[in-house]
Each structure stands twice: as structure tokens, then as C-alpha cells.
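Only one structure is covered here, and it is reproduced in the block below.
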Amino acid sequence: MQYKKPFSLQFTFSNTAIHHVKDFFEKRMTLILFFVLSMLSIAMFLYYYSNGIGLAYNDARSHLDIGRRVVENLKPGFAQLGSVWLPLPHLLMTLTIWNDFMWHSGLSGAIQSMIAYVATGLIIYQFLKQLGVSMFGRLIGVAVFALNINVLYMQSTAMTELLLLATMTAGAYELLMWHKEEKLFRLLKAAFWIMLSTLIRYDGWFLFLFAIGLVFIHTVRKYGYKTAEGVIVLFATLGGFGIFLWLLWNLMIFKDPLYFALGPYSAHQQQLQLEQAGVLATKHNALFSLQTYMYALIYNASFVTVFLGTVGSVLLWFDKKISFNIRFATLVLLAPFFFNIVALYFGHSVLFVQGLSGNSWFNVRYGLMMIPTLAIFIGYFVYRVRALRFVVLGLLLFSTVFSFANHDAVTIDDARVGASGKNVSEVSGWLRTNATNQKGYVLVSVASHDAIIFSSGLPMKRFIHEGTGEYWDIATANPQRYARWIVLRTNDTNDFTFRVLQHNQEFKNKYTLVKHFPFADIYELKPEYVTSLQSLPGQ
């Protein structure tokens, strides 16, 4: 007679095998995710690079040019970092942007976004793990972020959003761990990551203030005001160090600590122009500011993702099985949401959604800022409502497949047909054809035409611009001394080159309009004056 193992023994063996499999993936999932996310990141960069839209954003080309000007320029050096955009992304670019391929492919900037993409996915996984979410829920949370088509496009560009997301999410994670463990080292790590975010985009400044409020409330509740005062001083000293450095930089270089906020190149000045044109509709309109950002969020994340994430946040905040400290700490994830609405309300930011704010897109990518937050809340939702997890998975899969099948990436639409992109190929192509093998510099404003400089393919030291010191001063007073070509928008005083040359007799008498394009005009020095050009630095 054949002997059969008792059922209980078979069941025990089965449970043991399952336990070993779970233990295997629990220990190695971080490494597996690192590999999968890295491969996906590289594949998407190559895809967008090959089809030519990896550098569609005007700002992406400007970011790359800033980094290049630090290392190659008529006046190279750290002063080329400028006063408006925060410096960390451009400082990181200097490690590689001296290489022409790294510059013109955009990889010098994109590689930061790609590393940040992988890091953010891993942080989301760890964040959910600390909330007690199962492996299935953690992976769903990572997938919500990692498979978002807008995230995948932006991680393939030289934009700064992904680097900001990584530092902000890392800061939020360390703040969660401090609320959980109350170890000083965790608080210092949170302050460090938040400090880095304040050197990437001004969203980080709001996160810094938001985090101070959370740290203060938590410490007062547990230890009283005296202790809270000391903790805040410690946290703010490190967390606010980047802000201090930026104020000091503006004071030293531009003689005004608030030059970045109030200077002629600042976002404030741009917003004033938009307000005068009557298109800054969100200013002092709280409801429309909320509506505008919600539209941007839904376009970036999908309605399904926003809905599920909202439900997941409610479930998390009312789950009394999780300590109040942990639930309270997750409020930091909402900082990007409040920042964007406040910035729109006070007119410090502008965001156009097609059909809601006219017939164009502009800065709609700001909706990306909440995607890690939604990913975490959805991961938690899947964990809590296990009976519906396959329904949720089906909805998310449908939404994701639909977005890819229809190439439904609003960030690409913004860059290609919205106000965030410029087709400057005609202007840059003319310069590339006519200036490459000819002597003389190109006089141009980087504030207005940085994309033209990038797309021309000419060396950065062929251009005279606001950051070239005496070359700019001399060329705007006596353009015929250095400038063979001048690029400007005729009769547009928002163009700095036109503004300084509009009454210049040398410009009027010695230059001829040779090409008129939608984004700029090109003037060339008359042939009889070319022989007197000084075409070498120092002449």
C-alpha cells in the first residue's frame, strides 16, 4: 500500500515554501526595483532622444546652456549661474557638460532626472513599507509613479522636476522616520534633503516652511515649547542653509539679496507682464487657483489616480491602527499641493490649462509634483481594501495602457504645442549655416533666446550676452566692434537686446535686417564694416 503524507504535513511544507519565497523577495526587492527602474529609465531616455522630443522644452535647453556657460563661455565661471533659477541642477551639470555630446544630447541634465526617477521609486517603496503596507501594495504604489507617462517623459529631459521630486520625497520619508523613531539623526537627514530641494526649485522653500510647522507642532505636543524651540533652531539651521546661501549669492553678485525675486529677469517681472496683458486669471481668485491646479493634476496623473489617491489618503488619516504621529507626519506629502495653489493665488506662478485658461498649455507639468504623494496613498488604499485590490489594479492598468496607446502625455503637449516650447529651428538653422565658418560674434539676449543659442550648435563662446561682462557693455554701445550678427525681436522692449539698441545709431546705420522669423529677427553687419570686426577675446 502506497504511503501518503498527512495533509497537515503537506500544508506545513507549502507554508514554509511560501514563507521562503516571500522572504527572498522581501530581502531583494529593493535591488530588483533598482534594476527594473534603471532599465526603464534608460529605455525611455533613448526613445525620446531618438524621436527628437527629449529637448522640446525651451527651459530644458536653457538649463543646459547655463551649465555650459559655467565651463565654456567668453566669461566662464560660477557667476554664469545667474540669479533666477536655483543653482544645484546647473552645478551638477558642470561635471559632464564640458562634453559636446552630453550638452547637445541633453544627457548632462537628463542623467540627473533619470537618477532621481529611480531614487523616487525606491523611496516610495520604503515609505509604504514603513506604513506597514504589504509587498503587493508597495509595488502598486511604485508602479503608479514609475509607469506614469508624464513622469517617464520628464525623467528623460534636462528639466528640474524629477530632481526636486526625489529630494522632497526623501525629506518627507526622513521626516516620517523621525516622527516614528524620534532619533536626531533622522531629523538632520530630513533637513539635509529639504535643504537640497531649496536649491533646486522654490517649491522646496515652501516645503521647508511646511516642515518647520510640522516639526514644531509635534515637538510642542510631546515635550513642550522650550524643547520645541531648540529643535526648530537645529532643523531650520540646516534646512534653511540653502536659502541663506542663495540670498548671500544674490547679494554678492547682484548687490541685492532679493534680486532673484524682484530683478528684471525674475518670475515676478514676467507675471507683471502677464497681469498687464490680462491673462493672470488665478491671481487673488482662490477657487480658480484650486480649479486650475486640480486640472493640471488630473491631466498629469489621470482622474482614476487622483480619485484613488484621495480615497487612500482618507483611509490612512482615519486609520487608528497607525499611530497619530505617523499619520500626522504624512501631511508633509501635501506640501506641493498647497504650494501650487498659494503660488497661483498670489500671482507668483502661472499655469495655463487648455480649455480652462485660453487655448494653450503652459507649466502644466506642475501637476507632476503630487504624483509621488498619490502613489503612496494608492499603495496604502490597495493594502487596506484587499477585496478590491484587483479592481483597483484593473483600473490603474486601463488608465496606464490608455495613456500610452494614445500618447496622452500633457507634458509633451505643453513642450511641443504649448507655450513652454519654441520652434526656433529656423533662426538657429540660419545661424548654423551662415555663422559657423565666418568670423564675428552673435549678439543676443539669453533671457529671451537661450533656445536659439542651444539649437544653433555654435560654441558658447561665439555669443555675446548679458553674462559676458564688458563684451556685452561694449557690444550694446558699439555693436560693430564685436557683433557681426544681432538676434532680437524688433520693436519688442521685453527683448533686452532690442531695448538697449533701439536708439543706437550705430545699429541703425551699420546693420541690415537679413531674416525675419516668428520668434526673432536677424540683423547682419554691412559688408563694408566687416573688415574692422574684432573677433578674438581681448582685442
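The values are calculated or read from the model by the stated rules, or taken from the named source; none is laboratory data. Keep in mind that this is a model prediction, so the values were computed, not measured. So basically every Cβ, Gly included, is an ideal-geometry build from the backbone, and we count neighbours across all protein chains shown.
In region 321-332 there is at least one residue that is in the same structural domain as residue 411 (by TED's automatic domain parsing), under 21 Å from the mean Cα position of the chain (by Cα) and at pLDDT 95 or above.
From the set of residues in region 499-520 that are touching a residue at least 40 places away in the same chain (Cβ under 8 Å) and within 21 Å of residue 265 (Cβ to Cβ), which is surrounded by the fewest Cβ atoms within 10 Å (Cβ to Cβ)? It comes out as 519.
Among the residues of region 56-69, is any under 22 Å from residue 411 (Cα atoms), assigned by TED's automatic domain parsing to the domain that holds residue 152 and among the hydroxyl-bearing types (Ser, Thr, Tyr)? Outline the logic, then answer.
If we filter region 56-69 for residues that are under 22 Å from residue 411 (Cα atoms), which is where we start, we get 56-65.
Retained after the next criterion (residues that are assigned by TED's automatic domain parsing to the domain that holds residue 152): 56-65.
Still in the list and also among the hydroxyl-bearing types (Ser, Thr, Tyr): 57, 62.
Yes, there is a match, as at least one residue in region 56-69 is under 22 Å from residue 411 (Cα atoms), assigned by TED's automatic domain parsing to the domain that holds residue 152 and among the hydroxyl-bearing types (Ser, Thr, Tyr).
For region 246-268, the set of residues classified as surrounded by 15 or more Cβ atoms within 10 Å (Cβ to Cβ) and assigned to a helix (DSSP H, G or I) consists of 246, 247, 249, 250, 254, 259, 260, 261, 267, 268, listed by residue number.
Scanning region 486-499 for residues that are more than 17 Å from residue 524 (Cα to Cα) and not polar (S, T, N, Q) turns up 492, 495, 496, 499. Could you list, in sequence order, all residues of region 278-306 that are within 24 Å of residue 400 (Cα to Cα), of a type in the set (A, V, I, L, M, F, W, C) and either touching a Pro at 6+ places or on another chain (Cβ under 7 Å) or surrounded by 15 or more Cβ atoms within 10 Å (Cβ to Cβ) (or both)? 294, 296, 297, 298, 301, 304, 306 - these are the residues of region 278-306 that are within 24 Å of residue 400 (Cα to Cα), of a type in the set (A, V, I, L, M, F, W, C) and either touching a Pro at 6+ places or on another chain (Cβ under 7 Å) or surrounded by 15 or more Cβ atoms within 10 Å (Cβ to Cβ) (or both). Among the residues of region 328-368, those identified as crowded, with 18+ Cβ neighbours inside 10 Å and at positive phi are 347, 363.
This table checks each residue for (1) in contact with a helix residue (DSSP H, G or I) (Cβ under 9 Å, 6 or more places away or on another chain); (2) part of a helix (DSSP H, G or I).
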position	(1), (2)
332	yes, yes
337	yes, yes
342	yes, yes
349	yes, no
359	no, no
377	yes, yes
399	yes, yes
407	yes, no
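Under the condition of being touching a Leu at 6+ places or on another chain (Cβ under 8 Å), modelled with pLDDT of 90 or more and hydrophobic (A, V, I, L, M, F, W, C), the residues counted in region 375-394 number 6.
Among the residues making up region 23-74, a single one is loosely packed, with under 15 Cβ neighbours inside 10 Å and closer than 25 Å to residue 462 by Cβ: 52.
For region 421-459, a tally of residues being assigned to a helix (DSSP H, G or I), under 17 Å from residue 82 (Cα atoms) and β-branched (Val, Ile, Thr) returns 2. Scan region 73-92 residue by residue and report those that are of a type in the set (A, V, I, L, M, F, W, C), at pLDDT 95 or above and in a helix (DSSP H, G or I). Of everything in region 73-92, those that are of a type in the set (A, V, I, L, M, F, W, C), at pLDDT 95 or above and in a helix (DSSP H, G or I) turn out to be 88, 91, 92.
Table: residues versus (1) out of contact with any Ser or Thr (no Cβ under 6 Å at 6 or more places or on another chain); (2) over 28 Å from residue 377 (Cα atoms); (3) touching a residue at least 60 places away in the same chain (Cβ under 8 Å).
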residue	(1), (2), (3)
78	yes, yes, no
94	yes, yes, no
106	yes, yes, no
121	yes, no, yes
140	yes, no, yes
149	no, no, yes
170	yes, no, no
187	yes, no, no
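Can residue 520 be described as hydrophobic (A, V, I, L, M, F, W, C), closer than 23 Å to residue 273 by Cα and touching a strand residue (DSSP E or B) at 6+ places or on another chain (Cβ under 6 Å)? When the stated conditions are applied, residue 520 passes them. Within region 460-494, the set of residues being acidic (Asp, Glu) and either part of a helix (DSSP H, G or I) or in contact with a strand residue (DSSP E or B) (Cβ under 6 Å, 6 or more places away or on another chain) (or both) comprises 466, 470, 473. For region 218-240, filtering for residues that are under 29 Å from residue 199 (Cα atoms) and surrounded by fewer than 16 Cβ atoms within 10 Å (Cβ to Cβ) leaves 6.
Residue by residue, here is whether (1) within 18 Å of residue 48 (Cβ to Cβ); (2) in the same structural domain as residue 142 (by TED's automatic domain parsing); (3) among the basic types (Lys, Arg) holds:
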position	(1), (2), (3)
381	no, yes, no
387	no, yes, no
408	yes, yes, no
442	no, no, no
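Checked against (1) in contact (Cβ under 8 Å) with a residue 60 or more places away in the chain; (2) more than 23 Å from residue 212 (Cα to Cα); (3) touching an Asp or Glu at 6+ places or on another chain (Cβ under 8 Å), residue 375 passes all but a single condition, namely (3). For region 317-330, the set of residues classified as assigned to a helix (DSSP H, G or I) and among the hydrophobic types (A, V, I, L, M, F, W, C) consists of 317, 324, 326, 328, 329, listed by residue number.
Consider region 47-72 and keep the residues that are out of contact with any strand residue (DSSP E or B) (no Cβ under 8 Å at 6 or more places or on another chain) and part of a loop (DSSP other than H, G, I, E, B). The one that is modelled with the lowest pLDDT is 52. In this entry, residue 474 is excluded by the filter for residues that are farther than 30 Å from residue 365 by Cβ, in contact with a helix residue (DSSP H, G or I) (Cβ under 8 Å, 6 or more places away or on another chain) and touching a residue at least 60 places away in the same chain (Cβ under 8 Å).
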